[in-house]
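The values are calculated or read from the model by the stated rules, or taken from the named source; none is laboratory data. Just so we're clear, the structure is a prediction, and the values are computed from it rather than from any experiment. Backbone-built Cβ (ideal geometry, glycine too); neighbour counts: all protein chains shown.
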Amino acid sequence: MTSAVVNIPTQSTSDHRVPAVAGNALRVPLVTGGSIGYANLDHGASAPCLESVRTAVDQLLPWYASVHRGAGFASQVCTRVYEGARDVLREFVGARRTDSVIFTRNTTDALNLLAKALPRGTSVVVFDTEHHAALLPWGGPRVRRIEAPETPAEAVAALDAALAECPEGPRLAVITGASNVTGELWPVAELARIARRRGARTVLDAAQLAPHRPVRITELDVDYVAISGHKLYAPFGAGALIGRADWLNAAEPYLAGGGATRQVHERAVSWTSGAERHEAGSPNTVGVHALAKACAELSANWADVVGHEEALLRRLRAGLRGVPGLRELSLFGADHERVGVVSFTVDGQDPGLLAAALSAEHGIGVRDGLFCAHLATRRLLSRAGSDADRAVRISIGLGTTTEHVDRLVHALRKLVAEGPAWRYAQVDGRWAPVDDPRPLPDFLP
C-alpha cells in the first residue's frame, strides 16, 4: 500500500526549525502551588495560532471592510485578500485549476455543504471509523456504512464490495486521511482508485491530515477535500471545501441570502454560479486570510514540520511503552504509519481522572472521551481488550517540545504508580479538583 500523502524527506531533530506558535510562553497554575509552562498535547482538537498568522491578522484588521462590490479602497483591499486566498488554498491541496474553493466555517460545515449538493439519488459509502463530521451529514436510504477494517487492504476490498452493491446512479465514497483517534494514515490513493473504477467520486476528510502532511488532490485523485482552519494553526473560524465544480454549481445554494444571488425579483430569484453560490452573507474575511497564511507557512516548511513531529512521536510512543497497563488503540497495527496522535487506556485508571490530574498537577493538556468518533473509539477499545468506556488522546504539533513529551510520560508513570496528589470529584460528568485553588486569568469576568 502506498502512503496517503506525498513523501517528504525529514531532517535530524536538531535541524528542525518549525514555525512558532502563539502561547509558547504560556504558564498555567497548578493545584499543588506555583505555575509551569503549559504543555499543549491536544493539537488534534484545536491547534494554537501560528505567530505569523497572528501578525497577518493584525496587519489586516485596520483595513477590514466589506468584500465584493465595495467602492471604498479598504473594501477593494479586503476583496483582493479574500479572493487571493482561494489560489493559496488551491495550491496547498494541489487542486485542479477548475476546482471550486468554497470557504466554510470548518470541516463539518464543508461536508454538510457537500451533502446538500449531492445529485438526487446519490449512493454514499462511508466507514464507521469516521469522525462525526464525515459520518453524519449523509442521509437517506442510499447510505452504506462499512465496519472498521483491520488492515488497509481490507479497507480497499470492503469499499470495492460496497460500491459494487450500490444501485445505478451517482456514488460518493467518504474517506479520511488520518484517524483523529489513532493518527493512522489511510490508503487514500488506493481507495480513490477503487472508487474511480466503480464510477464513484471521493471526498477526503483532511482535517486531521492536512496540518501534519502535504495533501495533493491530483496525486491522490480524489474529487473533494475538506479542511479546517482551527486544526491548521489558524483558529479564526474558517475552513474550506475544495473540489469539482459541477455538482456544486447545479445544487441549490447552501445558504439563501446576499452574495449568492444574481438577480432578485418579486416572484423569482436567480443564483450565482461558482463559489459565491454557497457563500451567502458577509464572509469571514479575517478567518480566510488567517487560513491562507497558515497554509502558505506550512507549505514552505513541510520537511521541518514532518521531521519535528515524527521525532517527537517516536519519543512519545517509546516512553508510553514503559507505563504499566497502558493499551494503545490502533486500527491497522502498532507499526502502521501515523501522524502525531496516540490514544490509549491504562488498566484500572479512569481516563477522565487521568486527564484532569495531568492538567491540574502537571500543566499538561490532553483530551479524554470518544473524540467525536463514538463508533470508532468504542470498537477500538474493544479490540484493545480494554474495559474502559473512553480513552485518553495525546496529539502533538508545532507547539510540542521534547520537554512536554518527557513531562507527560513521567507524569503518567507517577499517576499510575502513586495516584493523584489532589482530591477530585465528578462535576456534570467531568472530573475536576475539589476546592480548586487555581486562579483564572484576569481577562475573564
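What pairs come out if I take residues in the range 33-55 that are aromatic (Phe, Trp, Tyr) and pair them with residues that are at pLDDT 95 or above and not in a helix (DSSP H, G or I) whose C-beta lies under 7 Å away, six or more apart or interchain?
Tyr38/Leu26; Tyr38/Arg27; Tyr38/Val28; Tyr38/Gly363; Tyr38/Gly365
For the subset of the range 284-300 comprising residues that are among the aliphatic types (A, V, I, L, M) and not in a loop (DSSP other than H, G, I, E, B), which member is nearest to Leu398 (Cα to Cα)?
Within the range 284-300, the match that is nearest to Leu398 (Cα to Cα) is Leu298.
Just checking, does the range 68-85 include any residue being modelled with pLDDT under 95, surrounded by 14 or more Cβ atoms within 10 Å (Cβ to Cβ) and over 21 Å from the mean Cα position of the chain (by Cα)?
Taking every residue of the range 68-85 in turn, at least one turns out to be modelled with pLDDT under 95, surrounded by 14 or more Cβ atoms within 10 Å (Cβ to Cβ) and over 21 Å from the mean Cα position of the chain (by Cα).
Please report, ordered by residue number, the strands (runs of 3 or more DSSP E) entirely within the range 101-220 with at least 1 residues that are of a type in the set (Ser, Thr, Tyr).
The qualifying strands (runs of 3 or more DSSP E) are 123-127, 171-176, 201-205.
Condition check: over 22 Å from the mean Cα position of the chain (by Cα) and not in a loop (DSSP other than H, G, I, E, B). Does Val28 satisfy that?
Details: over 22 Å from the mean Cα position of the chain (by Cα): yes; not in a loop (DSSP other than H, G, I, E, B): yes.
So Val28 passes the test.
All but one of (1) surrounded by fewer than 24 Cβ atoms within 10 Å (Cβ to Cβ); (2) closer than 30 Å to Leu316 by Cα; (3) not small (Gly, Ala, Ser) hold for Val188; state the number of the condition that does not hold.
Against the list (1) surrounded by fewer than 24 Cβ atoms within 10 Å (Cβ to Cβ); (2) closer than 30 Å to Leu316 by Cα; (3) not small (Gly, Ala, Ser), Val188 comes up short only on (1).
May I ask you to list the residues in the range 218-247 that are of a type in the set (A, V, I, L, M) and surrounded by fewer than 24 Cβ atoms within 10 Å (Cβ to Cβ)?
Scanning the range 218-247 gives a single hit, Ala245.
Mind listing whichever residues of the range 296-310 are of a type outside the set (S, T, N, Q) and either buried (at least 24 other Cβ atoms within 10 Å of the Cβ) or more than 14 Å from Arg86 (Cβ to Cβ) (or both)?
Keep residues of the range 296-310 that are of a type outside the set (S, T, N, Q), which gives 296-298, 300, 302-310.
Those that are of a type outside the set (S, T, N, Q) and either buried (at least 24 other Cβ atoms within 10 Å of the Cβ) or more than 14 Å from Arg86 (Cβ to Cβ) (or both): Glu297, Leu298, Ala300, Trp302, Ala303, Asp304, Val305, Val306, Gly307, His308, Glu309, Glu310.
Of the residues that sit in the range 149-167 and are in contact with a Gly (Cβ under 9 Å, 6 or more places away or on another chain) and surrounded by fewer than 17 Cβ atoms within 10 Å (Cβ to Cβ), which one is farthest from Arg213 (Cα to Cα)?
My answer is Pro167.
Conditions first: (1) under 26 Å from Cys166 (Cα atoms); (2) out of contact with any Pro (no Cβ under 9 Å at 6 or more places or on another chain); (3) assigned to a helix (DSSP H, G or I). Ala85 passes all but one, so which condition is the exception?
Status for Ala85: all satisfied but (1).
Within the range 311-326, can you find the residues that are surrounded by 19 or more Cβ atoms within 10 Å (Cβ to Cβ) and either out of contact with any helix residue (DSSP H, G or I) (no Cβ under 8 Å at 6 or more places or on another chain) or assigned by TED's automatic domain parsing to the domain that holds Asn180 (or both)?
Leu313
For the range 86-114, name all the residues that are among the acidic types (Asp, Glu) and either buried (at least 17 other Cβ atoms within 10 Å of the Cβ) or at pLDDT below 95 (or both).
Within the range 86-114, Asp99, Asp109 meet the criteria.
Would you mind finding the one in Asn106, Asn112 that is within 17 Å of the chain's Cα centre (by Cα), closer than 22 Å to Pro170 by Cα and in the same structural domain as Ser282 (by TED's automatic domain parsing)?
Only one candidate qualifies: Asn112.
Looking only at the range 168-185, count every residue that is over 26 Å from Ile396 (Cβ atoms), small (Gly, Ala, Ser) and buried (at least 24 other Cβ atoms within 10 Å of the Cβ) and tell me the total.
Looking only at that region, the number is 1.
Identify the single condition in (1) under 15 Å from the mean Cα position of the chain (by Cα); (2) over 30 Å from Leu50 (Cβ atoms) that Ile175 does not satisfy, given that it satisfies every other one.
(2)
Go through the range 258-275 residue by residue and tally those that are surrounded by fewer than 18 Cβ atoms within 10 Å (Cβ to Cβ) and either under 30 Å from Val57 (Cα atoms) or in contact with a His (Cβ under 8 Å, 6 or more places away or on another chain) (or both).
Total satisfying the criteria: 5.
Among the numbered criteria (1) more than 30 Å from Phe371 (Cβ to Cβ); (2) within 24 Å of the chain's Cα centre (by Cα); (3) at pLDDT below 95; (4) not β-branched (Val, Ile, Thr), which single criterion is violated by Ala268?
(2)
Being in a loop (DSSP other than H, G, I, E, B), without any contact (Cβ under 8 Å) to a residue 24 or more places away in the chain and closer than 23 Å to Leu172 by Cβ narrows it down to one residue among Arg97, Arg69; which is it?
Step by step, each of Arg97, Arg69 is checked, and only Arg97 is in a loop (DSSP other than H, G, I, E, B), without any contact (Cβ under 8 Å) to a residue 24 or more places away in the chain and closer than 23 Å to Leu172 by Cβ.
For the range 405-425, which positions are part of a strand (DSSP E or B) and in contact (Cβ under 8 Å) with a residue 40 or more places away in the chain?
Matches in the range 405-425: Tyr424 only.
Kindly provide the set of residues from the range 119-130 that are surrounded by fewer than 22 Cβ atoms within 10 Å (Cβ to Cβ) and either closer than 19 Å to Ala207 by Cβ or in the same structural domain as Gly44 (by TED's automatic domain parsing) (or both), ordered by number.
Answer for the range 119-130, where residues must be surrounded by fewer than 22 Cβ atoms within 10 Å (Cβ to Cβ) and either closer than 19 Å to Ala207 by Cβ or in the same structural domain as Gly44 (by TED's automatic domain parsing) (or both): just Asp128.
Among the listed residues Arg393, Arg413, identify the single one that is in the same structural domain as Gly34 (by TED's automatic domain parsing), modelled with pLDDT of 95 or more and either surrounded by fewer than 18 Cβ atoms within 10 Å (Cβ to Cβ) or over 27 Å from the mean Cα position of the chain (by Cα) (or both).
Arg413
Quick one: in the range 349-362, which of the residues that are touching a helix residue (DSSP H, G or I) at 6+ places or on another chain (Cβ under 8 Å) and of a type outside the set (D, E, K, R) is farthest from Leu30 (Cα to Cα)?
Going through the qualifying residues, I end up with Gln349.
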